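Visitor: Here's a structure for you.
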Amino acid sequence: MTPETKVAPEAHSDQKPKLVTITFDGKPKEIEAGTYTVEKLRNALNVPHDEILAELIGDTYKTLLSPIDIKGGEVLAVMVEVTYNGNPLIIAAGKYTVEKLRETLKVPANDVLSQFIDGSFKDLTTGHVEVKARDVFASHVPQGGAANAD
């Protein structure tokens with residue numbers, strides 16, 4: 001008969017992880033305080049790999065490229081690359097009013113903003129747009145309209 005090996009009971013910690021509140025995509029979210037690699041934070045916040053995680057520093061979002069120490073109060077957002085008039089831009093993902101999207105993309109005041117949907121450009125005049133990675137937008141001068149009669 002072989003002697004039994006006794007295993008010491010595991011030390012149980014009554015300490016729970018410290019939760020802190022951050023702002024993520026405009027909403028409060030509780031996560032554990034600590035140092036996160038970008039990948040670990042991306043997983044904790046369920047950020048898809050084709051989207052960019054960024055932190056608000058001052059009044060500008062900066063792409064997270066290195067570990068971040070989460071202490072609470074951080075403002076994070078998902079940024080995505082879209083194309084506007086053939087140029088890649090990085091903007092916050094999410095729901096925009098057409099007016100706010102026009103402002104974000106810096107669409108000229110007299111131009112019409114269009115989005116490439118199902119194989120063709122559709123004009124965006126009112127309502128909301130859900131901006132996602134790889135969306136394509138363009139602006140153009142208004143087409144048609146009534147001619148002025150003198």
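Any read-out appearing in this document is the output of simple, stated calculations on the displayed coordinates, not a laboratory observation. The structure presented is a predicted model; accordingly, all values stated were derived computationally and were not measured. Neighbour counts run over all protein chains shown; Cβ positions are idealised from the backbone, glycine included.
Visitor: Compute the Rg/Rh shape ratio of region 80-140: radius of gyration over Kirkwood radius, all on alpha-carbon atoms.
Guide: For region 80-140, the value is 0.90.
Visitor: Which of these values of semi-axes √(5λ) of the Cα gyration tensor in Å was calculated from the structure shown: (1) 34, 17, 13; (2) 39, 23, 14; (3) 49, 16, 12?
Guide: Calculated semi-axes √(5λ) of the Cα gyration tensor in Å: the matching label is (3).
Visitor: Hey, another quick one. Taking Rh as the Kirkwood radius computed over C-alpha pairs, what is the Stokes-Einstein D of region 19-78 at 25 °C in a medium of viscosity 0.890 mPa s, expressed in µm² per second?
Guide: Estimated diffusion coefficient is 215 µm²/s.
Visitor: Hey, another quick one. Fewest first, what order do 66, 139 take by the number of other Cβ atoms within 10 Å?
Guide: Ascending Cβ contact count within 10 Å gives the list 66, 139.
Visitor: Just want the ordering: 122, 27, from fewest to most Cβ atoms lying within 10 Å of their own Cβ.
Guide: Ordered from fewest to most neighbouring Cβ atoms within 10 Å, 122, 27 come out as 27, 122.
Visitor: Now, a different point. Highest GNM mean-square fluctuation, the chain, Cα pairs closer than 10 Å: which of 68, 52, 91?
Guide: Judging by the Gaussian network model, the answer is 68.
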